[in-house]
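Read through the structure below, which is laid out as structure tokens, and then see the notes.
All of the numbers you see were taken from the coordinates with simple rules; none came from a lab. Because the structure is predicted, anything quoted here is derived from the model rather than measured. Cβ placement follows ideal geometry from the backbone for every residue including glycine, while neighbour counts extend to all protein chains displayed.
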Ligand code: ADP
Ligand code: ZN
Ligand code: MG
């Protein structure tokens, strides 16, 4: 619990008069010794879902809930949920091999994006410009790791040099920032670049809130790109960082999340 996000959240929870016990994950022997309501703020994805399930198994509450974390951690599951909810998102296919990848890429038209179902920070997200490049990428991946035979092949969105990160709490978009790059088409803040506040318009709020609800999250960070067809959702983060959003917009995001948590404690 050393990160700034968690410190901000802890302060806000305490200032609402809630009793909070920060858990040191190294000392946890699940399923014993946890409280009723767990705010899951772990960075390591492999730990997030087991902890959420543990809170839920005896009638407790995990924020975010286990199912929303499963869905949001997997870009293919998220894609299916967004489609069901008619939330606009780039056209995407899950393929398991070279032939299917090439067939789908031909149909989408080059360039295409090829990315793993479970990545983050823009790692292993590739812009693929031709069938030859796709071929060598797949051969290279197969040689590196025989288990990486799952790929998402996605329509490339020719967006401005920025993405939008919308923080959704409950059924409101509480704050949003542009993440602006210095050249790289990947605009994760972790890769450098600047952030600027976004004035949230009704369409942006609608798309982001519906995306968050599509995976069943209580709160989330929704990544949105601007395209010729309007806003498109790239992904939903179930354990979103918000310190940058808070710093850039001046919105007390931690306070908003704390109030949401307080609602669950009351119930
Ligand atoms: P990660 O979970 O690693 O952040 P993303 O799917 O969000 O994976 O991709 C990382 C970045 O790559 C995005 O923030 C965006 O700037 C860029 N990107 C991803 N998919 C596309 C796409 N289909 N078209 C254009 N840019 C994309
Ligand atoms: Zn991600
Ligand atoms: Mg992303």
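Estimated at 0.36 nm per residue, the fully extended path between residue 142 and residue 158 surpasses their Cα-Cα distance by 2.9 nm. Computed on the chain, with alpha-carbon pairs under 8 angstrom and 6+ residues apart, the relative contact order is 21 percent.
Structure remark: mean-square fluctuation, Gaussian network model of the chain, C-alpha springs under 10 Å; the largest value among 31, 197, 111 belongs to 31. Label positions at residue 85 and residue 56, each projected 7 Å from the Cα along the C-beta direction, are separated by 1.5 nm. As I understand it, the value is the acute angle between the Cα axis of helix 253-266 and the longest principal axis of the Cα atoms of the chain; what does it come to in degrees, rounded to 10? Long axis of 253-266 versus the principal axis of the chain: about 60 degrees. Label separation (residue 7 vs residue 36): 3.1 nm, computed from points 7 Å beyond Cα along the C-beta direction. Between region 26-51 and region 159-173, the C-alpha centres lie 27 angstrom from each other.
Between 0 and 90 degrees, the angle of helix 75-84 with respect to the longest Cα principal axis of the chain falls at about 90 degrees. Which parts of region 49-86 would a label at residue 118 reach, counting a residue when its backbone N lies under 13 Å from a point 7 Å out along Cα-to-Cβ? Taking a point 7 Å out along Cα→Cβ of residue 118, the residues of region 49-86 whose backbone N falls under 13 Å are 49-50, 70-77. In this label model, residue 180 and residue 243 are separated by 2.3 nm, measuring between points 7 Å along each Cα→Cβ vector.
Just so you know, the Rg over Rh for the chain is 0.98, from Cα atoms, with Rh as the Kirkwood radius. Our summary gives region 159-238 a relative contact order of 32 percent, counting only alpha carbon pairs under 8 angstrom and 6 or more residues apart.
For the chain, the longest principal axis of the C-alpha atoms and the axis of helix 4-15 are separated by about 30°.
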